[in-house]
């Protein structure tokens, strides 16, 4: 029996090196504008640094440590609101609940980036647990 095949990726290692290079370029481009870019996945340390910078530079953003993970990392909640004492609707996002969730942390970073840029933050309170699970 003769089987045909198609090679889609000849060198996966080279593809990974190219993607790492492209990610480094995108990060370098964004670094001048903001603390993090939403086009790439980030480490726990990068996300925590981003949240700390937002909380230090923007009066609408604050952070709170809700506990620690099994590995001793802080479980940080980002709070975005113009007035926490006001009676406003609350949007709550619990990201990275499970150890192998990789997209939810990126989703939380993207939501924070979008809310922080828009006036929608004025009408409600946004609570985002960025790393809830055993990370």
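We did not get these values from a lab; they are worked out from the coordinates using the rules stated. Just so you know, these numbers come straight off a predicted model, no measurement behind them. FYI the Cβ positions are ideal-geometry reconstructions off the backbone, even for glycines, and counts take in every protein chain you see.
Before moving on, here are some points about what is shown:
- Note on residue 87 and residue 117: the model spin-label points, each 7 Å out from Cα along the C-beta direction, lie 3.4 nm apart.
- Exposure proxy shown here: for 6, 80, the number of other Cβ atoms within 10 Å sets the order, fewest to most, as 6, 80.
- Residues of segment 87-112 falling in the label zone of residue 60, defined by backbone nitrogen less than 18 Å from a point 7 Å along Cα to beta-carbon, are 87-93, 108-112.
- Per-residue Cβ neighbour counts within 10 Å put 91, 21, 8 in the sequence 8, 21, 91, beginning with the fewest.
- Each Cα pair under 8 Å and six or more residues apart adds its sequence gap; the mean of these over the residue count of segment 42-129 is a relative contact order of 31 percent.
- Residue separation of residue 53 and residue 41 scaled by 0.36 nm, minus their Cα-Cα distance, works out to 2.5 nm of gained length.
- Per-residue Cβ neighbour rank within 10 angstrom, fewest leading, 47, 12: 12, 47
- Among beta bridges identified by DSSP and lying wholly in segment 42-129, the antiparallel ones come to about 70 percent.
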